[in-house]
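The values are calculated or read from the model by the stated rules, or taken from the named source; none is laboratory data. Being a predicted model, the structure only gives us computed values, none of them experimental. Quick reminder, even Gly has a Cβ in these numbers, built from the backbone with ideal geometry, and neighbours come from all protein chains shown.
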Amino acid sequence: MNVLSINNISKNYGKVTALQNVSFSVPRGSVFGILGPNGSGKTTLLGIIMDVLKATGGTYKLFDENPDNQLRKRIGTLLETPNFYHYLSAVQNLKITAGIKQRGENDIERVLEIVSLTNRKNSTFSTYSLGMKQRLAIAAALLGDPEVLVLDEPTNGLDPVGIAEIRELIKLLASQGKTIIMASHMLDEVEKVCSHVAILKYGELITFGNVDEIFINDDIVEVASSNIDQLKDALNLMPGNLKVEIKGNIVQITFPVGSANLENVNQFCFEKGIVLSQLQIRKKSLESKFMELTN
Amino acid sequence: MMHLLKIEWLKIKNYKAFLFISLFFLIGIFATNYIVYSVFHNIVNKSDAALLLSNFNPYDFEHVWQTVSYTSGYLLMLPSLLLIILVTNEYTFRTNRQNIIDGSSREEYANVKMMMALIVAATSTLFVVLTALAFAYSSEKDFSITGFSHVGYFFLKALSYNIIAIFISTLIKRTGFAIGIFFIYMGAENIIAQFLDVLSMKLKSSKNIDFGSLGDYLPMNSSDGLLSFPPTPLKSFTTSSLPTEYTWIVLGFAIFYLVLFSWLSRRLIIKKDL
């Protein structure tokens, strides 16, 4: 079963296209990252799913059904910014959330404890720091223990400890079988917690699928010697039809994931009469992969 | 609907502006009427005009419903102000988005705001009734329901003001700006109404064309126009030159505007991006 399936969703603001024919689906139980640079349409997409924005074209389904407000009550959502009544306390605000969701009235203490706001639960929202507001928004999303969570930049405004806590929380929730849809421009965040990913750029879906399949991390071996051209020519003769490139004063050899062996490289060069002055393996970073996909 | 109203109550019950404006409005109704009452009781009735007025007391039964409705009508901008603040707050705090995200439907959200306008108007009207009873029971005349239709007009005026306030709020979205537009519109409509009323009088006197007071056909003035101070004996001298009061037409316009602005507000909430 899919928690969410999106079919050809488009959104225009006048002449500006925010989303263009985006389609993908989120399987139940996945931690689904929606990744993209600023302005790529992540929040717009989630806004459409939550009915605060109207799509120009396309359709979507929640829990394989046509979307309505009753289905939204089953989803805990933090979209873009923490939105609360400034003059009310955390508890009073969460009572309103529980009232709308028609669930979670008895869950307020628990969720405040999770986000470490218990000792400030009766302070008005306007007195909160940015990080505390974000924590309250996460608490509101967790209220009533929903089976699906939609978190848009959940670690926004949090300190390093807070970021680590939220990551652990997401992992914990995922291990409990919950589906988590998370929008982020933080690559390591996605890499560390997501099982699936969709990548957006300028409103277009570049790719989506399993994280391991999309971010196949090629092994890159960097070598150098006194004669760089001779080195490159020699390496081109290596078996396996490898990509060999000169980058400044080093040569990069790209091996399929997990197949690089430094000893073999050294041996091969030595046999060709080349003495290496540098030899090291470098995992291709998610960041450079992301750049490659989005540029 | 009850559970939606309960949520609205959670939003406002601890809101100081709500408590302050409500209190100010309730005290205001009583105080304004007391001032008018005192003027008649202590000044007019002890002057030479008293003979002409032949012991006319606007706070006796029969007149009291009309007097209190008319006088209190001037304070109706206060509940409207409250509604503007409550509705635009949702935009400022972006809680309108959050309410939808959390599982309200847009229709529910629109309906509960309309219901708030209705409840605020009904509460205002209830207080007008209580105020009228308090003043009238201090006079010697027997209880009478005659003239109670003016309380109905007051309710209509309150509801019209509230719905216009909600429409402006959903259109403008920013508190200060919406309050400004509301009062500017109110002033502008009154000025236009004055011109139209003068025009109506000219039409009647020069060409004998009588469409009633044209100014009464504007959105706010249509519900204002239904309320007037009780006809004192003095007033009868002037009415002959005034256009006819077509109460039913004015009432029709008032209801038409009410439906129009409700529909427009609902449409804005339901159709637009939030």
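Out of A:Leu94, A:Leu136, A:Leu142, which single residue is buried (at least 20 other Cβ atoms within 10 Å of the Cβ), within 14 Å of chain B (Cβ to nearest Cβ) and in contact (Cβ under 8 Å) with a residue 60 or more places away in the chain? Being buried (at least 20 other Cβ atoms within 10 Å of the Cβ), within 14 Å of chain B (Cβ to nearest Cβ) and in contact (Cβ under 8 Å) with a residue 60 or more places away in the chain holds for just one of A:Leu94, A:Leu136, A:Leu142, which is A:Leu142.
Residues that are free of Cβ contacts under 8 Å to residues at least 40 places away in the same chain, part of a helix (DSSP H, G or I) and farther than 20 Å from B:Phe40 by Cβ do occur in region B:151-170. Annotation: A:Asn210 fulfils all but one of (1) modelled with pLDDT of 85 or more; (2) surrounded by 14 or more Cβ atoms within 10 Å (Cβ to Cβ); (3) under 30 Å from A:Ala18 (Cβ atoms); the unmet one is (2). Pull up region A:101-133, narrow it to residues that are touching a residue at least 24 places away in the same chain (Cβ under 8 Å) and hydrophobic (A, V, I, L, M, F, W, C), then point me to the one that is nearest to the other protein chains (Cβ to nearest Cβ). Across region A:101-133, the extreme among qualifying residues is A:Phe125.
Screening A:Asn83 with (1) buried (at least 21 other Cβ atoms within 10 Å of the Cβ); (2) away from chain B (no Cβ under 11 Å) gives one miss only, at (2).
Report whether or not B:Tyr161 is more than 14 Å from chain A (Cβ to nearest Cβ) and among the aromatic types (Phe, Trp, Tyr). Show your work before the answer.
On the way: more than 14 Å from chain A (Cβ to nearest Cβ): yes; among the aromatic types (Phe, Trp, Tyr): yes.
Yes.
Within region A:6-23, the presence of at least one residue that is within 14 Å of another protein chain (Cβ to nearest Cβ) and assigned to a loop (DSSP other than H, G, I, E, B) is confirmed.
For region A:270-291, indicate whether the set of residues that are at pLDDT 85 or above and on the phi > 0 side of the Ramachandran plot is non-empty. Please lay out each step first, then the result.
Within region A:270-291, the subset at pLDDT 85 or above is A:270-280.
Cutting the leftovers down to on the phi > 0 side of the Ramachandran plot gives us A:273.
The answer is yes, given that some residue of region A:270-291 is at pLDDT 85 or above and on the phi > 0 side of the Ramachandran plot.
Would you mind telling me which numbered condition in (1) surrounded by fewer than 17 Cβ atoms within 10 Å (Cβ to Cβ); (2) among the basic types (Lys, Arg); (3) more than 18 Å from the chain's Cα centre (by Cα) A:Arg120 fails? Only one criterion in (1) surrounded by fewer than 17 Cβ atoms within 10 Å (Cβ to Cβ); (2) among the basic types (Lys, Arg); (3) more than 18 Å from the chain's Cα centre (by Cα) is unmet by A:Arg120, namely (1). Of all residues in region A:48-69, those satisfying the criterion of being within 8 Å of chain B (Cβ to nearest Cβ) and either part of a loop (DSSP other than H, G, I, E, B) or modelled with pLDDT of 95 or more (or both) are A:Met50, A:Asp51, A:Val52, A:Leu53, A:Lys54, A:Asp68.
Output the residues belonging to region B:95-114 that are without any contact (Cβ under 8 Å) to a residue 40 or more places away in the chain and not polar (S, T, N, Q). Once the filter is applied, which keeps residues that are without any contact (Cβ under 8 Å) to a residue 40 or more places away in the chain and not polar (S, T, N, Q), region B:95-114 yields B:Ile101, B:Asp102, B:Gly103. Figure legend. Inter-residue proximity from region B:186-206: first residues polar (S, T, N, Q), second residues surrounded by fewer than 15 Cβ atoms within 10 Å (Cβ to Cβ) and part of a helix (DSSP H, G or I), beta-carbon distance below 7 Å, spacing 6+ or different chains. Indicated pairs: B:Ser205/B:Ser241.
Take A:Gly36 and tell me if it is more than 14 Å from chain B (Cβ to nearest Cβ), under 23 Å from A:Phe215 (Cα atoms), surrounded by fewer than 21 Cβ atoms within 10 Å (Cβ to Cβ) and within 17 Å of the chain's Cα centre (by Cα). Here the answer is no, as A:Gly36 does not meet what is asked. Answer yes if at least one residue in region B:104-116 is polar (S, T, N, Q), within 14 Å of chain A (Cβ to nearest Cβ), surrounded by fewer than 17 Cβ atoms within 10 Å (Cβ to Cβ) and not in a helix (DSSP H, G or I), and no otherwise. Checked region B:104-116: at least one residue is polar (S, T, N, Q), within 14 Å of chain A (Cβ to nearest Cβ), surrounded by fewer than 17 Cβ atoms within 10 Å (Cβ to Cβ) and not in a helix (DSSP H, G or I).
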